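Have a look at the structure below before the remarks.
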Amino acid sequence: MEGRRRTFCTIFPNYRDYHFFKDPGQIPYRFSKLGYDTSIVCYSDSEDFPETQKHIRLNTIADRYISRKFNSGILWYLVVNARKIDILNIFHFSWNSLLFAFIYKTLNNRGFAYLKLDHCAFADESEYKLYPHRNNPLDFSGAKRKGKVKYYIAIHCLARKVDLWSAEDEDTCGLLEDRYDFFKGRLITVYNGHTADLTGEELNVSTLKKSDIIMTAGRLGIHQKATEILLEAFIRVASSSRYDLHLAGTIDPSFDEYINTFFQNNPSLRDRIVFHGSLGRLELFQLYSRSRIFCLPSRYETLANVFPEAMYFRNVIVTTENVSLMPVIRKTGAGLIVKRDDSEALAEALLWLINNPALIDQMSALSHEISSDLLNWDSIVTSLNGRIEEMQTGRRK
């Protein structure tokens, strides 16, 4: 190991340039700032990666049927390069990610495999748990013999090759450790952070010119985001305050009819509700800068990037019990937590804040402090690297 930089490789098959500002891009980037030789491996034929390539080396694999079949392109990459990788970073509890870890560790038993999960213990069990999972290839409930064999291999062989796992809140870590023994002693909390430090300009958030705006951001209208609950709550908020509602993000086509009906029934709100559509990163940051309250009434949610971003720009958070940020909000008092699917409770929480402007000022300062410290990518990755080094040192003894 002496005489060369330690190598950190993230495998994210469907990586695109916008992922640079999310955990698949920020984790390797922040490791590079710690002195690692970092790279990202993904499939691509013609995709440009202008933002990523400013900071990280990309190893792209031809996006062909033959290379995608059984992920043979990435598996072959690991066969050739496993011994050159000191830390392998993979994402999501899936058959492919576990197989990547297995191949890597089989060929490089001195290497270290780290897998970042995307699960939340506060979500409805039927919607968002490890087994079964809505989008998880390891959901073999009701499977035939072949599926059950695959499940057994995943649990009793592949998963045990991962050296370190992480989830995005402490309660989820506790639940998973209680349920699955291969997590015990190898599961830690790794939050997601903000990327306001990558705007290319100095930001002075203490002088932001705030307006009476409640905002949200995400894929509007999908079941997870509960956008209709926010709109229903805003009917009452609008009648009792001067606040407006701004929504950023693509609108699911199935939600168009709901929006049309909503405005037909509430024509006076047409000038109080703004649908911005999909915003560029800097445009979104400008909206954060103007708003006072960030409201995301999700039915389930891990630690979405919009939370630390909104908090950095001094937004008070209002969200539900079913998100990974919930323990942080309850512990620090940087926002309010309400029951999901309860527009009345949401309206009451929003109006309570609006009617207490001094509290908004206090909470907004706290939000920025938390985002700058606890939800700061440099701090997050420095802590993660410390845990990895500690485990590697213990393994060598």
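Quick look at the numbers
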{"item": "Label point distance in nm, GLN392-ASP63, each placed 7 Å from Cα along Cα→Cβ", "result": "3.2 nm"}
{"item": "Solvent exposure of the chain as accessible area per residue, Å², 1.4 Å probe", "result": "45 Å²"}
{"item": "For ALA217, distant residues with modelled amide H under 5 Å away", "result": "ALA248"}
{"item": "Label of the coordinate-derived value, volume of the Cα convex hull per residue in Å³, listed as [x] 158; [y] 176; [z] 133", "result": "[x]"}
{"item": "Using a Förster distance of 22 Å, the FRET efficiency for ARG179-TRP95 (Cβ separation, nearest 0.05)", "result": "0.70"}
{"item": "For ARG314, residues with placed amide H under 5 Å, excluding near neighbours", "result": "HIS368"}
{"item": "FRET E, pair ILE153, LYS339, Förster distance 25 Å, beta-carbon r, rounded to 0.05", "result": "0.05"}
{"item": "Per-residue ³J(HN,Hα) for segment 285-302, Karplus 6.51 cos²θ - 1.76 cosθ + 1.60, θ = phi - 60°, Hz, x for Gly and Pro", "result": "4, 5, 5, 4, 5, 8, 8, 9, 10, 10, 10, 10, x, 4, 7, 6, 6, 7"}
{"item": "Cross-link table LYS22/LYS161; LYS69/LYS150; LYS69/LYS116; LYS33/LYS161, entries beyond 19 Å C-alpha to C-alpha", "result": "LYS22/LYS161; LYS69/LYS116; LYS33/LYS161"}
{"item": "Surface share of carbon and sulfur [accessible, 1.4 angstrom probe, percent] for segment 294-337", "result": "44 percent"}
{"item": "Around LEU75: net Lys/Arg minus Asp/Glu count, Cβ-Cβ under 12 Å", "result": "+2"}
{"item": "Carbon/sulfur fraction of accessible area - segment 1-129, other protein chains in place, 1.4 Å, %", "result": "51 percent"}
{"item": "Amide H contacts of TYR15 (H built 1.01 Å from N, under 5 Å, at least 5 apart or other chain)", "result": "TYR43"}
{"item": "Contour excess over end-to-end distance, with Cα ends at LYS331 and HIS223 and 0.36 nm allotted per residue", "result": "36.1 nm"}
{"item": "In Hz, Karplus ³J(HN,Hα) per residue of segment 338-345 (6.51, -1.76, 1.60; θ = phi - 60°; x = Gly, Pro)", "result": "10, 5, 6, 6, 10, 5, 5, 5"}
{"item": "Extension gain, ARG186 back to ASP252 (0.36 nm per residue minus Cα-Cα distance, nm)", "result": "19.9 nm"}
{"item": "Hits among aspartates and glutamates - C-alpha to C-alpha of LYS148 under 18 Å, sequence gap 8 or more where chains match", "result": "ASP139"}
{"item": "Compactness index (Cα Rg / 2.2 N^0.38 Å), segment 65-120", "result": "1.13"}
{"item": "Integer Hz, Karplus 6.51/-1.76/1.60 couplings in order for segment 29-40, x for Gly and Pro", "result": "4, 5, 5, 5, 5, 8, x, 7, 8, 9, 8, 10"}
{"item": "Residues GLN264 and ASP373, FRET efficiency given R0 of 51 Å [Cβ-Cβ distance, rounded to 0.05]", "result": "0.65"}
{"item": "Projected label distance in nm at ARG236 and ASN14, using a 7 Å step from Cα toward the beta-carbon", "result": "3.8 nm"}
{"item": "Protein-only accessible surface order, largest first, of ARG57, ARG186 at 1.4 Å", "result": "ARG57, ARG186"}
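The values are calculated or read from the model by the stated rules, or taken from the named source; none is laboratory data. Quantities reported herein were computed from a predicted structural model and do not represent experimental measurements. Methodologically, a virtual Cβ is constructed for each residue, glycine included, from the backbone with ideal geometry; neighbour enumeration extends over all protein chains shown. Side chains included, ligands, DNA and RNA excluded: accessible areas come from the protein's heavy atoms. Shrake-Rupley method; radii C 1.70, N 1.55, O 1.52, S 1.80 Å.
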